[in-house]
Amino acid sequence: MNIKSLLIGSAAALVAVSGARAADAIVAAEPEPVEYVRVCDAFGTGFFYIPGTETCLKIDGYVRFRVTATRGNAGYAQNTRARVNFDARSETELGTLRGYIRMQSNSAGVNGDAAVVQDQAMLQLGGLFMGYTESAFAALWGGGVGNWGIIQTDTGGVYGYQQRQQIGYRYDAGAFYAALVLENDEVANPASDWATDVVGVLGMTQGWGGAALHVGYDESARAVGVKGIVEFAVAATGGSLRVGGFYSDKVANAYSVGIPGGTAEASNWSAGLGYTQDVTETLNATLGYQYFDGFSVAKGGTTRSAHLVEGALSWTPVTNFNVRLEGNWGQSTSHAGVKTNMASGFVWVRRSF
């Protein structure tokens, strides 16, 4: 065997070995495509698609520290609240399918961990909604001009706030909306009372403002409550004016408003107005007044009349950060002529997200 033959044979052997190793080499798998979170703009700002689904989710809430002082109480009260809202929506052939959950905790009077509670939980398909949230007499699910009180403070004056288990249907037609809601009255023995309370709402929104009428029927008390609010956009100043009133035909009525000044009694009727105005780009001011007329002694009333004044200053120096100072004063007069005064105020610092 000559040198040439030896070299040729060695080269052939190296090629064969290299081919074998190449056949046995591990091929790295291509990475799975990453599905980044997509923005969902079908339901407003803040929504995003849950990866792998067509469901849009929004997560928001706030952390708030609040200090409150009340006339007649020694010292002050403080509370830190944490709130998180989960709002899931998707479009179906039957309308928007929605699920809403609000979880929150309040640490007032707590030396350990504050309990987290379900404050609201609602589901909706099209115009049909059900779950646990504010009574439609106080605030209709889905929003509306007549929601909350007459005065545009955080307290809102007195407007019969309560939360209820409920099922209802809402119809929106352009600037007009209407709803019929059945609410659980939470009697002591609900198994013995199958009948529900009923709330009906009519409302409209226009360029000048809007108006709403809420009517509630308390099945247990056989009583009716009425709430009417009109809101005007004041073009000259850029502010907002609300005027409205409440009526109850019985002193015991779930759909009535109470009387300030140390009594839990309902008023026969109440009327008021509130005005809110942006003073600067970061400062807002609100002032309002509400009058209350009590039931007669013959109808079970003990209070003749009452007055309430509320005001607030709200400062938002940067986006999602707010400092609010709010206070109120009220006085009630009994049928015997005895006057009772009340006053309270608070300041909070809140970070929203």
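The values are calculated or read from the model by the stated rules, or taken from the named source; none is laboratory data. What you see is a predicted model, and the numbers here were worked out from it, not measured in a lab. When we count neighbours, we look across all protein chains shown, and the Cβ atoms used for this are built from the backbone with ideal geometry, even at glycine. Calculation scope for accessible area: heavy atoms of the full protein, side chains included, ligands and nucleic acids excluded. Shrake-Rupley method; radii C 1.70, N 1.55, O 1.52, S 1.80 Å.
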- Does S240 satisfy the condition of being in contact with a Phe, Trp or Tyr (Cβ under 8 Å, 6 or more places away or on another chain), surrounded by fewer than 18 Cβ atoms within 10 Å (Cβ to Cβ), in a strand (DSSP E or B) and in contact (Cβ under 8 Å) with a residue 60 or more places away in the chain? yes
- What single numbered condition from (1) modelled with pLDDT under 95; (2) open to solvent by 40 Å² or more (accessible area, probe 1.4 Å) fails to hold for A114? (2)
- Item | Restricting region 192-229 to residues that are part of a strand (DSSP E or B) and farther than 16 Å from A178 by Cα, the residue that is farthest from the chain's Cα centre (by Cα) | A223
- Here are some conditions: (1) open to solvent by less than 50 Å² (accessible area, probe 1.4 Å); (2) in contact (Cβ under 8 Å) with a residue 12 or more places away in the chain. A173 meets all but one. Which one does it not meet? (2)
- Search region 140-159 for residues being in contact with a Phe, Trp or Tyr (Cβ under 6 Å, 6 or more places away or on another chain) and surrounded by 22 or more Cβ atoms within 10 Å (Cβ to Cβ), and hand back the single one that is nearest to L273 (Cα to Cα). G149
- Between a first residue in region 51-63 that is under 12 Å from R38 (Cα atoms) and in contact (Cβ under 8 Å) with a residue 40 or more places away in the chain and a second residue that is among the basic types (K, R) and surrounded by 16 or more Cβ atoms within 10 Å (Cβ to Cβ), which pairs have beta carbons less than 6 Å apart while being 6 or more apart in sequence or on different chains? none
- Test for Y217: is it without any contact (Cβ under 8 Å) to a residue 40 or more places away in the chain and either of a type outside the set (G, A, S) or in contact with a strand residue (DSSP E or B) (Cβ under 9 Å, 6 or more places away or on another chain) (or both): yes
- Task: Name the one entry in V234, V230 that is open to solvent by 30 Å² or more (accessible area, probe 1.4 Å), under 23 Å from A136 (Cβ atoms) and of a type outside the set (D, E, K, R).
- Result: V230
- Message: Taking the conditions exactly as written (modelled with pLDDT under 95 and open to solvent by 20 Å² or more (accessible area, probe 1.4 Å)), does A178 satisfy them or not?
- Response: no
- Query: List the pairs whose first member sits in region 122-145 and is within 18 Å of T92 (Cα to Cα) and without any contact (Cβ under 8 Å) to a residue 40 or more places away in the chain, whose second member is open to solvent by 40 Å² or more (accessible area, probe 1.4 Å) and assigned to a loop (DSSP other than H, G, I, E, B), and whose Cβ atoms are under 6 Å apart, counting only residues at least 6 apart or on separate chains?
  - Reply: L125/L94; G126/L94
